[in-house]
Amino acid sequence: MKQETVDAFIKAGSLSISNYLLEHYQDIGMNNEQLVVYIQLKKAVERGQDLPDLTIIAKFLHMTKNAVANVLQSMIAAKLAEIKTVTNEFGQKIDQLNFDGLYAKLLGEIDVENKIITPQQSKRATRQEVFATIESEFRRPLSTFELQTVSKWLDDENYDPETILMALREAVLNNVYNFRYIEQILVNWQQKNIKTELDVAQHRNARQQKMNNDKKPENMRIRNIPYIDITNLENN
């Protein structure tokens with residue numbers, strides 16, 4: 001065995017997976033594909049990645065990025081995974097992936113049926129919930145014009161209620177309580193084909209990464225300072 005291989009094996013470290021999970025994952029509605037995706041995601045999270053790069057995960061699993069995203073989205077819909085927006089020590093809002101729901105189900109804290117839940121089977125937001133949630137976040141009844149605006153989003157623009165609620169959450173996270181701002185988010189997401197919480201998180205992280213890169217100062221050029229022989233100056 002080559003020494004480089006041994007060094008790489010040691011450097012890669014190890015990942016702790018509960019035997020209880022391996023023996024009971026199907027009892028909480030996980031399938032084999034979700035299990036292997038979970039293992040790769042858990043590895044990335046334990047290495048300090050708040051929201052793992054699905055392109056890298058896909059490479060390890062010999063899957064397409066879209067296939068991995070669909071599996072993760074099915075886990076989110078089944079409450080096996082969750083993406084939370086938190087504030088880090090620098091005051092920046094970041095998205096973090098966690099599997100608290102999976103562990104809760106595994107420990108029997110949540111009643112589940114022994115079947116796999118897909119995004120289509122999960123509970124969808126209703127029209128009434130959209131109006132109620134907006135009023136709750138704005139902390140006031142909506143005006144006639146605002147009611148008509150939301151109705152237009154639902155009936156004329158055909159925005160999914162869940163998408164409207166995600167756009168509302170995005171506006172609240174940015175502390176902007178403005179219908180025009182929410183509508184701009186919806187239009188932007190439609191143009192970029194952003195439809196799920198995972199899509200939103202990846203879009204937000206990519207935007208934050210671009211902002212961080214733009215803030216990095218250019219490499220400072222070191223000027224060549226000519227060498228002066230002080231001894232010769234003194235002799236002269």
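Each value in this text was obtained by applying a stated rule to the coordinates, not by laboratory testing. In this text, all values refer to a predicted model and were calculated from it rather than measured experimentally. Every residue, glycine among them, receives a Cβ derived from its backbone with ideal geometry; neighbour counts consider all protein chains shown.
For the stretch 27-96, taking Cα atoms only, Rg and Dmax work out to 12.7, 40 Å respectively. Remark: Tyr20, Tyr25 ranked as Tyr20, Tyr25, counting other beta-carbon atoms within 10 Å and listing the fewest first.
When the C-alpha to C-alpha distance is required to be over 19 Å, the pairs from Lys65/Lys192; Lys79/Lys152; Lys42/Lys84; Lys59/Lys79; Lys43/Lys65; Lys65/Lys195 that qualify are Lys79/Lys152; Lys59/Lys79. Here the calculated FRET efficiency for Lys192 and His24, from their Cβ-Cβ distance with R0 = 41 Å, stands at 0.60, rounded to the nearest 0.05. Our summary gives the stretch 127-195 a relative contact order of 30 percent, counting only alpha carbon pairs under 8 angstrom and 6 or more residues apart.
Once Rh is set to the Kirkwood radius over Cα pairs, what Stokes-Einstein translational diffusion coefficient, in µm²/s, holds for the stretch 141-211 at a temperature of 37 °C and a viscosity of 0.692 mPa s? Estimated via Stokes-Einstein, D reaches 258 µm²/s. Considering only alpha-carbon pairs that sit under 8 angstrom and 6 or more positions apart, the relative contact order computed for the stretch 3-106 is 22 percent.
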